[in-house]
Amino acid sequence: MIEEPYRWVEAIANRREYIEHQLAAGSPIVALSFADGILLFALSRERQKIFEIYDRIAMGGIGHPGDIERLRLVAIELCSTEGFARSAHDVSLRRLANFSLSPALKAAFEQVYGAPYLARLLFAELGRGTASNVFLRLDYDGGIHTNGGAFGRSFEQFGVIAGTKVATNHMEEYLRGQELPNLSFKEALLLASKTWAVGHLTLNAEARDDAPDKSAIAADLKEQLAATSVECAVLERGSGLPMTWRSIPDTDARSILEKA
Amino acid sequence: MQPSLPRTANADLAAAPEDFAALLRRHGALAPTASITNVTHPQSTPALIPTEATTILAFKFADGVLVAGDRRATAANMIVYDRADKVLEIDRHSLMAIAGVPATAWEMARVLEHSFQFYRRTQLQEMSLDGKVRALSKLLRDNLGFVLQGVGVVVPIFATYDHEAETPRLYFYDAMGAQFEATDYAATGSGSGAVRAVLHYENTWGGPKRSLRKLKTNDAVLLALRALETAASSDSATGGVDRRTEVFPIVKIINESGITTLSESRLSKIFKSKLA
């Protein structure tokens, strides 16, 4: 049946619709640059969403926990073996995503008799020296969206994912209106939480709906903070160690957010 | 061929996660373990004379545990290198000091360092202290085939800080992988006989305090330098302090706040005031 080109296209379209439907409830994850590095943020109800992958790479994921876990382990294995066999300097997010993860995700997605990965991933890589931070969104079909740097675009200092495209767009628009790279940790945490609320409020919105206003964001954040745990981690420069990951305990992040 | 992701450790519902060394072997990034059957005994004049590193020591003192190693690497009666680093940082609170063949030892240290990180990242928790101590034991055991063939013998010391018991811990190993926890001090390598004698004497009768555990940092460093100089005086494979080029032993300290490496200038000051 699917040997006919039309049927194949139809099968892929159905599959895309099915996966998008499955992912639609995925609550947002925000990553952004601040003065000391990169901050990753999410409010989570059930399970951990932000993970350390390697010395300078972190990952956030929404979708099926089993698929996220498989992709997370693969990413860690690929980075760790490369870092061991050559050096930690040879591990790069660009290579991990472009050469390993993306082709495999695409293959799984297009083999319509097999199971696709129900996952949308956000990666962040702390730039070495003067190199820019890299943010990268990797989709279930192998699609990669980066924060620029190619084709003459300047780098954007953030990356976000959410269950729907509308929410992702709203979050990106919200962050584009901000001054980013020199935020203190506290400022970055507050901005990330507001961005998260923008995404959370617009998950089920239509493309033409207005962005939520200040008071709606504050109200949503207050309500959600009471019902979730705060997940926050940083990739931090200047620790003097190769490893840059540090997770911020819920209580520490919460005290900053509740005071604001 | 369709692109595919490597099979992950948990894909087939294995009971325990695969360890990092096994993962590396699966990817061809680490040599397979040598067989211990069919071992030909080393000839009296082996074709390959391996480079070897020598004396290392560690002892507990008032502010944690001190680990020190001389800098010399030798092959038979030749000095290969006089700036070898035998005290290797494995993580924020652990050191592995090595006597034996550096080629094997440095690779072991690298595997160990990466496997602790790999464990933390995949399992989302820190490896326990017992797990870490055991991991080195397993690497030594895996290396036994090479030891029996006369190449690649490694006899390390492992020092770390136990955050649960709030005390530094010190372990030494034999070449087969047996681990021993040292109460006060440990030394291995060709100059270890002299070093152990010095440390035993100091711990039992030395100074007004009569215990290594009561030594302050400067006195502990002084004792470490003196012990290595004592070993170097009778063992040609131990470097001691190189007065001409001012190459000092590596001295590191572990306590609850992490690892501190003593600077050359501080070692030089202590050396010149009390030893030169």
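No lab work stands behind these numbers, since they all come straight from the coordinates. The structure presented is a predicted model; accordingly, all values stated were derived computationally and were not measured. Heads up, the Cβs are rebuilt from the backbone with ideal geometry, glycines too, and the neighbour counts pull from every protein chain shown.
Could you list the chymotrypsin sites (Phe, Trp or Tyr not before Pro) in the range B:193-276 that lie in coil according to DSSP, counting only those with at most 15 other Cβ atoms within 10 Å of their Cβ?
Details: sites: B:TYR201, B:TRP205, B:PHE271; in loops: B:TRP205.
Filter output for the range B:193-276: B:TRP205.
Using the Cα centre of the range A:27-259 as the reference point, and only Cβ charges (+1 on K/R, -1 on D/E), how large is the resulting charge dipole? Debye, rounded to the nearest 20. Present the calculation step by step, with values, prior to reporting the outcome.
Values: 25 positive and 29 negative charges, 63 e Å.
That gives a dipole near 300 debye.
When chain A is treated as a GNM, springs tying every alpha-carbon pair under 10 Å, which of A:ARG45, A:ARG208, A:ARG128 comes out with the largest mean-square fluctuation?
Looking only at A:ARG45, A:ARG208, A:ARG128, the largest GNM fluctuation is found for A:ARG208.
For chain B, what's the relative contact order in percent, using C-alpha pairs closer than 8 Å and at least 6 residues apart?
Values: 523 pairs, mean separation 64.7, N = 276.
Contact order relative to length: 23 percent.
In nanometres, what is the gap between the two model label sites at A:ILE144 and A:ALA25, each 7 Å from Cα along Cα-to-Cβ?
Label-label distance for A:ILE144 and A:ALA25, simple model: 3.2 nm.
Defining a contact as two alpha carbons under 8 Å apart and six or more residues distant in sequence, what relative contact order in percent does chain A show?
Numbers: 456 pairs, mean separation 69.0, N = 260.
Taking the mean separation of contacting Cα pairs over the length of chain A, I get 27 percent.
Given H placed 1.01 Å from N in the peptide plane, which residues other than close sequence neighbours of A:TRP245 have an amide H under 5 Å from its amide H?
The answer is A:GLU236.
What Kirkwood hydrodynamic radius, in Å, does the range A:72-150 give when the mean of 1/r is taken over all pairs of distinct Cα atoms and then inverted?
Numbers: mean 1/r = 0.0743 Å⁻¹.
Taking every pair of different Cα atoms in the range A:72-150, averaging 1/r and inverting gives 13.5 Å.
Which semi-axes, in whole Å and largest first, does the equivalent ellipsoid of the protein assembly as shown have when worked out from the alpha carbon gyration tensor as the square roots of 5 times its eigenvalues? Numbers along the way, then the final one.
Details: eigenvalues 537, 164, 68 Å².
In descending order, the three semi-axes are 52, 29, 19 Å.
So if I place +1 on the C-beta of Lys and Arg and -1 on the C-beta of Asp and Glu, and nothing else carries charge, what would the dipole magnitude of the protein assembly as shown be about its Cα centre? I want it in debye, nearest 20. Write out the running numbers ahead of the final one.
Numbers: 59 positive and 63 negative charges, 322 e Å.
It comes to approximately 1540 debye.
Using only the Cα atoms, what convex hull volume per residue in Å³ does the range B:116-211 have?
Values: hull volume 10.8 nm³, N = 96.
Considering the Cα atoms of the range B:116-211, their hull volume per residue is 112 Å³.
Return the single residue from B:ASP91, B:ASP82, B:ASP130 with maximal mean-square fluctuation; model: Gaussian network over chain B, springs between Cα atoms under 10 Å.
For chain B, modelled as a Gaussian network with Cα springs under 10 Å, the answer is B:ASP130.
Taking the Cβ-Cβ separation of A:ARG95 and A:ARG176 as r and a Förster radius of 25 Å, what is the calculated FRET efficiency to the nearest 0.05?
Calculated transfer efficiency: 0.35.
If each of B:ASN77 and B:SER211 carries a label point 7 Å out from its Cα toward its Cβ, how far apart are those two points in nm?
My value for the distance between the label points is 4.7 nm.
When chain B is treated as a GNM, springs tying every alpha-carbon pair under 10 Å, which of B:ASN255, B:ASN203, B:ASN218 comes out with the largest mean-square fluctuation?
B:ASN218
Zone of B:THR245 (label point 7 Å along Cα→Cβ, backbone N under 14 Å): which residues in the range B:82-112?
It comes to B:82-85, nothing else.
Over the range A:1-144, consider all pairs of different Cα atoms and compute the Kirkwood hydrodynamic radius from their mean reciprocal separation; express it in Å, one decimal. Let's see the in-between values first.
On the way: mean 1/r = 0.0616 Å⁻¹.
Computed over Cα pairs of the range A:1-144, the Kirkwood hydrodynamic radius comes out at 16.2 Å.
Return the ratio Rg/(2.2 N^0.38 Å) for chain B, where Rg is computed over Cα atoms only.
Details: Rg = 19.9 Å, N = 276, 2.2 N^0.38 = 18.6 Å.
That works out to 1.07 for chain B.
Could you tell me, in Å, what Rg and Dmax come out for the Cα atoms of chain A?
In order Rg, Dmax, the Cα atoms of chain A give 18.3, 61 Å.
Viscosity 1.002 mPa s, temperature 20 °C: what is the translational diffusion coefficient of the range A:48-103 from Stokes-Einstein with a Kirkwood Rh over Cα pairs, rounded to a whole number of µm²/s?
After rounding, the answer is 185 µm²/s.
Of B:ILE98, B:TRP205, B:THR122, which is farthest along the charge dipole of the range B:50-274 in the positive direction, counting Lys and Arg as +1 and Asp and Glu as -1 at C-beta?
Farthest along the dipole direction, towards plus: B:TRP205.
Calculate the FRET efficiency for A:ALA219 and A:ALA13 from the Cβ-Cβ distance with a Förster distance of 45 Å, rounded to the nearest 0.05.
Working: r = 38 Å, r/R0 = 0.85.
It comes to 0.75.
Sort the range A:164-203 into rounded, prolate or oblate with this rule: let a ≥ b ≥ c be the square roots of the eigenvalues of the Cα gyration tensor; rounded if a/c is under 1.5, and if a/c is not under 1.5, prolate when a/b is larger than b/c, oblate otherwise.
Details: a/c = 3.71, a/b = 1.85, b/c = 2.01.
Oblate, since a/c reaches 1.5 and b/c is not below a/b.
Out of A:THR195, A:ALA115, A:VAL134, whose Cα points farthest toward the positive end of the dipole of the range A:109-247 (charges: +1 Lys, Arg; -1 Asp, Glu; placed on Cβ)?
Most positive-ward Cα: A:VAL134.
Counting other Cβ atoms within 10 Å, keep those with at most 11, restrict to DSSP loop, and tell me which chymotrypsin sites (Phe, Trp or Tyr not before Pro) in the range A:144-210 are left. Don't skip to the end; give the middle numbers.
On the way: sites: A:PHE151, A:PHE155, A:PHE158, A:TYR174, A:PHE185, A:TRP196; in loops: A:PHE151, A:PHE155.
Here the chymotrypsin sites (Phe, Trp or Tyr not before Pro) that fit, given the DSSP loop and packing criteria, are A:PHE151.
At 7 Å along Cα-to-Cβ for each site, give me the label-to-label distance between B:LYS272 and B:HIS163 in nm.
Taking the two extended label points, one gets 4.0 nm.
Output the relative contact order of the range A:40-94, whole-number percent, from Cα pairs under 8 angstrom with separation of 6+ residues.
Working: 36 pairs, mean separation 12.9, N = 55.
Over the range A:40-94, the number comes to 23 percent.
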